[in-house]
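A.B. asks: Mind looking over this structure? Questions follow.
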Amino acid sequence: MKIGAEKEKLGKKIEPYLFLMPSLLVFGIFLFYPFAKTIYLSLFKTNKMGQAKIFVGLGNYIELFTSKSFYNSIGVTVVFVAIVVVLSMALGLLGAVLCNRSFPGIRIFSTAYALPMAIASASAALIFKIMLHQSVGIINKLLHLEINWISDPKYALVCVAVLTAWLNSGINFLYFSAGLANIDETLYERASVDGANGIQKFFRLTLPGLGPILFYTLVVDVIQAFQSFGQVKILTQGGPGESTNLIVYSIYRDAFFNYRFGTAAAESIILFLIIMCLTLVMFKIEKKGVKY
Amino acid sequence: MGRSMAQLELRNVTKRYENGFEAVSNFNLDIQDKEFIIFVGPSGCGKSTTLRMIAGLEEASEGEIWIDDRLVNYVEPKDRDLSMVFQNYALYPNMTVYDNIAFSLQVRRLPKKEIDNRVREVARILEIENLLDRRPKDLSGGQKQRVAIGNAIIRRPKALLMDEPLSNLDAKLRGQMRVELAKLHERLDTTFIYVTHDQTEAMTLGTRIVVMKDGRIQQADTPKMLYEHPVNRFVAGFIGSPAMNFLEGVVCCEEKKLWLRCGARMDFELTWCSVYSVLTDYIAKTVTAGIRPEDIYLEEEYRKMGQEEQKGLKAVKVTVTARELLGAENILYFQAGENDLIAKVGPECAYRSGEEITLYFDTKRMHFFDAGIGMNVERCELG
């Protein structure tokens, strides 16, 4: 009798963990373990198979912080993130504001603006590669130019950034559309009677009304932009020179071309720290700044 | 406050939706400067739609809207120089009270100094000076209401439009704000156009009331005229609380007198009725008689009256069904014949449900409506 009761008690205790088990398992295998392993690897020199061989402590990090190439990567990434975030939010917002009224065919427009969300970055990159081609690309044809967009260090980064911005704009469009639908229509009516024009309504009602959603998309977009990879891999492979060598691509190159897994791991950790700090700072600012 | 004249004119204004539904039909009204106009009617009668057409938030399908001799059908709301208080107040949630009030001046780029002076003046009038730094979510319903009014009056508009502004407040606050709105109208000397479904608000605030039903104006008149000379049965039933009692009856002529026969126990001699001469046209026809609850008296009250007053009062035996004491008065529900009626009597009445008593109906103050079309018989005579 007593043993049975105790068993039952034990079962009650274990039960919740059993429910958590599947997701914990998935997280453990694909997230926690790789993360721990990455930290571990970043403290070693590895062989070509990626096995830790010589313990170097913070050697990999010191090497990175004295390498010009790494600073270039960070610089390029910052510029890239800035362009992507600003442009993708602007595109998403423009689309959402344009689609925030009803007229025949509105669904077609909405779908079109949300579509980039559904396109894989690799296929989009391939399409852009053709569009940007120096001799047969439609961009040069339309603009009557002869620019080698992808091979010119001046333009390569901007091209990759614009592509990424367009890809990210789809989900932003969705978020902003939802946010706009939440703003009380009578506010706009009152503003009309009060004498506000469209621009005044946008800056004094629409933008503040979207405040919380704008912030959320900003955070997500920044993180997403830092992690861009597929476009770079297909469009420019980090080139020309190192002009599009974003951090994630640099990690990929160090690990799978140069077989320096230790260095790559250290870079990953630094990228993680950068994103974490940025996110924390943004939340701090949000708490002070966004009032609603 | 200095301001321009405001005369509004609505000519045959109709609002028809795409599905063919007519929310407002053939609306004609002249609104003079400084009037306090009330649009009143049951929900769905088109009163709000009319207001929104005046504001420019909805387009009139037909007809013309004139403000000060200017056709405004195709003028943007922002250029009509009107202001509006919305039912849900429509305060900008991201702005402080100060900015909410100042908004309409800020978008017109008035000098900061002048805006500041005017915001403070308005805040003083509305007694919300201490709230200027707060945000709408930190305000109570009554305070929000004041801020919304503040925003509406600061611009000194040609007319102030209000769409059920008090309906979100509790009963006590509603009473207070009603008094303050009346004061405000006196003080601002501006045209007010006010939409409500509450006939008490309409009667107490309006200098002129427009009673609407199914998109049509039933009657546009002063509160006194609406109360004493309702144009039809709908207006008679809508204005006044508790609502007017209605009795069906046949007009008869016996012993050279006119009588109204309303079933077995109720015959009313019509000799003292104000519309006696008109009723002669209705002999042998059915009419609807209306009598307000306040025109029915208890026996005690009847005895206290002078002889002159007693004239035209008709005793009716009734059965009490319920009584509500409202402090200074009693609402008596009773049955007379087959009719369920209501009387408003003095506080001393202590009858209980089931008791048989005698009540006195004042035939002098009875209204008569054509049983078919519901028009007041006095109007039928006019045409």
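Quick note: the coordinates plus some simple rules give every number you see, no bench work behind them. If you're wondering where the values come from, they're calculated on a predicted model, not measured in any experiment. Cβ coordinates were reconstructed from backbone atoms using ideal geometry, including for glycine residues, and neighbour counts include every protein chain displayed.
A.B. asks: Mind ordering B:73-86, A:200-213 by average Cβ neighbours within 10 Å, highest first?
C.D. replies: Ranked from most to least packed, the peptides come out as B:73-86, A:200-213.
A.B. asks: Same structure again: Just the C-alpha atoms of region B:8-228: what Rg/Rh do they give, with Rh taken as the Kirkwood radius?
C.D. replies: Across region B:8-228, the Cα-based Rg/Rh ratio is 0.97.
A.B. asks: Suppose every K and R has +1 on its Cβ and every D and E has -1 on its Cβ; what is the size of the dipole of region B:80-138 about the Cα centre, in Debye to the nearest 20?
C.D. replies: 220 debye
A.B. asks: Restricting the count to DSSP beta bridges whose residues both fall in the protein assembly as shown, what percent are antiparallel, rounded to a multiple of 5?
C.D. replies: 75 percent
A.B. asks: For the charge dipole of region A:2-41, defined by +1 on Lys and Arg C-beta atoms and -1 on Asp and Glu C-beta atoms about the Cα centroid, which residue among A:I29, A:Y17, A:A5 has the Cα displaced farthest towards the positive pole?
C.D. replies: A:A5
A.B. asks: Can I ask one more? Within chain A, which whole H helices from DSSP have a Cα span along their axis of at least 24 Å and a mean Kyte-Doolittle hydropathy of -0.5 or more, if any?
C.D. replies: The answer, listed by residue number, is A:2-27, A:68-98, A:153-181, A:207-226, A:261-289.
A.B. asks: State, in angstrom, two size descriptors of the protein assembly as shown derived from its alpha carbons: Rg to one decimal place and Dmax to the nearest whole number.
C.D. replies: According to the Cα coordinates of the protein assembly as shown, Rg and Dmax are 38.6, 129 Å.
A.B. asks: Then there's this: Cα atoms only, region A:2-41: Rg and Dmax in Å?
C.D. replies: Looking at region A:2-41, its Cα Rg and Dmax stand at 16.0, 51 Å.
A.B. asks: To the nearest 10 degrees, how steep is helix B:141-153 against the longest Cα principal axis of chain B, on a 0 to 90 scale?
C.D. replies: 70 degrees
A.B. asks: What is the pair-distance distribution P(r) of region B:256-383, computed from all Cα-Cα distances in 10 Å bins starting at 0, with each bin given as a whole percent?
C.D. replies: Whole-percent P(r) values from 0 Å outward: 12, 41, 32, 13, 1.
A.B. asks: Would you work out the charge dipole size for chain B about its Cα centre, treating the Cβ of every Lys and Arg as +1 and the Cβ of every Asp and Glu as -1, and quote it to the nearest 20 debye?
C.D. replies: It comes to approximately 1160 debye.
A.B. asks: How high is the FRET efficiency from B:V250 to B:T319, r the C-beta distance, R0 22 Å, rounded to 0.05?
C.D. replies: 0.40
A.B. asks: Next up: Mind putting a number on the dipole of the protein assembly as shown about its Cα centre? Charges go on the C-beta only, +1 for Lys and Arg and -1 for Asp and Glu, and I need it in Debye to the nearest 20.
C.D. replies: Result for the protein assembly as shown is approximately 3580 debye, rounded to the nearest 20.
A.B. asks: Can you give the angle from 0 to 90° between the axis of helix B:171-188 and the longest principal axis of chain B, with both taken from C-alpha atoms, to the nearest 10?
C.D. replies: Value to nearest ten degrees: 70.
A.B. asks: Here's a follow-up. Mind checking the log10 I(q)/I(0) for chain A at q = 0.08, 0.09, 0.16, 0.17 Å⁻¹? Debye, one equal scatterer per Cα, no solvent, two decimals.
C.D. replies: For chain A at q = 0.08, 0.09, 0.16, 0.17 Å⁻¹, log10 I(q)/I(0) is -0.51, -0.62, -1.28, -1.35.
A.B. asks: Something else about it: Once both axes come from the Cα atoms, what is the angle between helix B:97-106 and the longest principal axis of chain B, in degrees from 0 to 90, rounded to 10?
C.D. replies: Tilt relative to chain B: about 70 degrees.
A.B. asks: May I have the convex hull volume per residue, in Å³, for the Cα set of region B:235-277?
C.D. replies: 103 Å³
A.B. asks: Based on the mean of other Cβ atoms within 10 Å per residue, sort peptides A:164-176, B:181-193, B:124-136 so the most packed one is first.
C.D. replies: Ranking, from highest mean packing down: A:164-176, B:181-193, B:124-136.
A.B. asks: Under 22 Å between C-alpha atoms is the cut-off here; go through region B:197-322 and count lysine pairs that meet it, provided they're at least eight residues apart or on different chains.
C.D. replies: 10
A.B. asks: Sort largest first and round to whole Å: the equivalent ellipsoid semi-axes of region B:261-327, each the square root of five times a Cα gyration tensor eigenvalue.
C.D. replies: Ellipsoid half-lengths, sorted descending, are 25, 17, 11 Å.
A.B. asks: If you take the Cα atoms of region A:96-202, find Rg, then find the Kirkwood Rh from the mean of 1/r over all pairs, what is Rg/Rh?
C.D. replies: Across region A:96-202, the Cα-based Rg/Rh ratio is 1.13.
A.B. asks: Between B:Y227, B:T191, B:T207, whose Cα lies farthest towards the positive end of the dipole of the protein assembly as shown when Lys and Arg beta carbons carry +1 and Asp and Glu beta carbons carry -1, centred on the Cα centre?
C.D. replies: B:T191
A.B. asks: Please compute the modelled spin-label separation between A:N47 and A:Q227, points set 7 Å along Cα→Cβ, answer in nm with one decimal.
C.D. replies: 3.3 nm
A.B. asks: Also, I was wondering about something else. Once you've got the GNM for chain B with C-alpha springs shorter than 10 Å, pick whichever of B:G206, B:G327, B:G41 has the biggest mean-square fluctuation.
C.D. replies: Its mean-square fluctuation being the largest, the pick is B:G327.
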